[in-house]
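Below: the structure, in structure tokens.
Just so it is clear, none of the values below were taken in a lab; they were calculated from the coordinates. Just so we're clear, the structure is a prediction, and the values are computed from it rather than from any experiment. Reconstructed Cβ throughout: ideal geometry from the backbone, glycine too, with neighbour counts over all protein chains shown.
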Amino acid sequence: MAAAFAAFLLSCFLTILIIRYHFIHEHISADTDFDSPQKFHTVAVPRIGGLAIFLALLFGGTMRLISDWSSGILLLQILACSLPAFLSGIIEDLTKKVSPLVRLVACFSSAVLAYFFLHTSVSSISISWIDPILAIPIIAATLSCLMIAGLTNSYNIIDGFNGLACMVGIITLVAIGYVGFRNNDFTIVFIVVATIGSIIGFFIWNFPRGLIFLGDGGAYFIGFWIGVLSILLIMRNQTVSPWFACLINIYPIFETLFSIWRKKFIKNMSPGMPDGTHLHMLVYGRIARWINPKQANSFFLAIQEPLHSCGCCQAWLFFQQQSGGIIRGF
């Protein structure tokens, strides 16, 4: 796992560089918008942390080619497919001028690339009257692309507090890696470990002090990465229930649906418009009323992450079941 450890070290080093020399690039990379409803920081902070994660995985995948071509090339293929989503997010982080629709199209484009080059397709969900419909390639392809694009955007929605998106991503990746290990799929295990290392290299500087932000590019990248790995795990291991992927990702999915419902039907506004009433923001607001606001972020994660872990633990225990334990997890 030398390549995975190298990815962690490089991510940590690059994140330090971005923070240390922020004065060079802060005129384009810093988040100076303190008035938007979803903002909680009060000083300018670099929002290009996703760049460190991306470059660390690029280095780790290239290094892995020396010892294991198959896992290294798969990692690099996923990286290549992520480029439209990642670049749209990075450009938004630097210019603040990329519309939500353009970024949504970019995320869907990445999902389409994953379908054509990685064959990420959900052709069965173990429901007798739906599986024949999913046997139609165009329907399976469309559903798979919508799932990946939706999860990609979900991580951008939950990226509202220091460490939230990263911790959710790490816990979900641990679930994927565990099931991959149980099925002797060490290619998936390597990619998961390398990804976790790259995220942790950034995370230790992001939480709790918020010295750097993940940014749209980083959030899209992690969401896309987990969406692709979730489907690849099911495709490569037939004993894994397709509902496993849904259960380990239930929190970002639920938060997205909650946000859309609240904006559309409660506030009568476009779901694409930013606001300060995402589910995690509402929970945070309740917590901040009772404790020191400076400690609210840490206390919020201490409450939220065990809840997300409960669903993932159910998925770990019953990943081979088509219903039963998976339904209990929901």
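Below are the figures for this structure:
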quantity: Gained length - residue 9 relative to residue 238, 0.36 nm times residue gap less alpha-carbon distance; calculated: 79.0 nm
quantity: Residue order, fewest to most surrounding Cβ atoms within 10 angstrom, among 66, 78; calculated: 66, 78
quantity: Under-5 Å amide H pairs with residue 45, H placed in peptide plane, nonlocal only; calculated: 31
quantity: For residue 160, residues with placed amide H under 5 Å, excluding near neighbours; calculated: 165
quantity: Qualifying chymotrypsin sites (Phe, Trp or Tyr not before Pro) in region 84-150, DSSP loop, other Cβ atoms within 10 Å at most 12; calculated: 129
quantity: Pairwise label distance in nanometres, residue 186 with residue 101, each label 7 Å out on the Cα-Cβ vector; calculated: 5.0 nm
quantity: Exposure proxy order (Cβ contacts within 10 Å, fewest to most) of 209, 47; calculated: 209, 47
quantity: Order of 142, 195, 152, 256 - criterion: other Cβ atoms within 10 Å of each residue's Cβ, fewest first; calculated: 142, 256, 195, 152
